[in-house]
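First the structure, in the form of structure tokens, and then the observations on it.
The values are calculated or read from the model by the stated rules, or taken from the named source; none is laboratory data. This structure is a prediction, so every number in the text was calculated from the model and none was measured. In this analysis, Cβ positions are derived from the backbone assuming ideal geometry, glycine residues included, and neighbour counts consider all displayed protein chains.
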Amino acid sequence: MKTINKLIAIDSDVRSGTPCFRGTEIPVSLVIDHIAKGWSIPDLKKVFPKIKTSDMENLMYYLSEKFTNGKKTDETWSFNCG
């Protein structure tokens with residue numbers, strides 16, 4: 001697995017320093033928003049063909065580890081937005 005630093009680039013000359021997938025101008029936050037909406041990797045690849053499948057998988061793995069503290073969980077998350 002690549003480290004997150006190898007997946008993401010922050011460059012003030014690219015999208016005003018917004019974190020993007022390395023070698024692209026695709027903001028990581030945009031892909032995360034799509035993942036949160038339930039998009040699969042094949043769905044994402046159709047819209048973002050410049051991002052390697054392995055990079056998307058590594059991002060999903062990183063997010064999973066980050067938000068579960070590395071612990072496997074069956075907990076269902078719900079958010080109250082109102």
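May I ask you to verify whether residue 8 is modelled with pLDDT under 85 and out of contact with any Ser or Thr (no Cβ under 9 Å at 6 or more places or on another chain)? Answer is no for this residue. Looking only at residues in region 33-54 that are of a type in the set (A, V, I, L, M, F, W, C) and modelled with pLDDT of 90 or more, the one that is surrounded by the fewest Cβ atoms within 10 Å (Cβ to Cβ) is 47. Taking residues in region 3-28 that are among the aromatic types (Phe, Trp, Tyr), and partners anywhere that are in a helix (DSSP H, G or I) and surrounded by 12 or more Cβ atoms within 10 Å (Cβ to Cβ), the pairs with Cβ atoms closer than 9 Å and at least 6 places apart or on different chains are 21/7; 21/28; 21/31; 21/55; 21/56; 21/59. Residues in region 61-81 include none that are modelled with pLDDT of 90 or more, more than 13 Å from the chain's Cα centre (by Cα), of a type outside the set (Phe, Trp, Tyr) and loosely packed, with under 15 Cβ neighbours inside 10 Å. Among the residues here, residue 16 does not qualify as part of a loop (DSSP other than H, G, I, E, B), more than 16 Å from residue 55 (Cβ to Cβ), at pLDDT below 90 and out of contact with any helix residue (DSSP H, G or I) (no Cβ under 7 Å at 6 or more places or on another chain).
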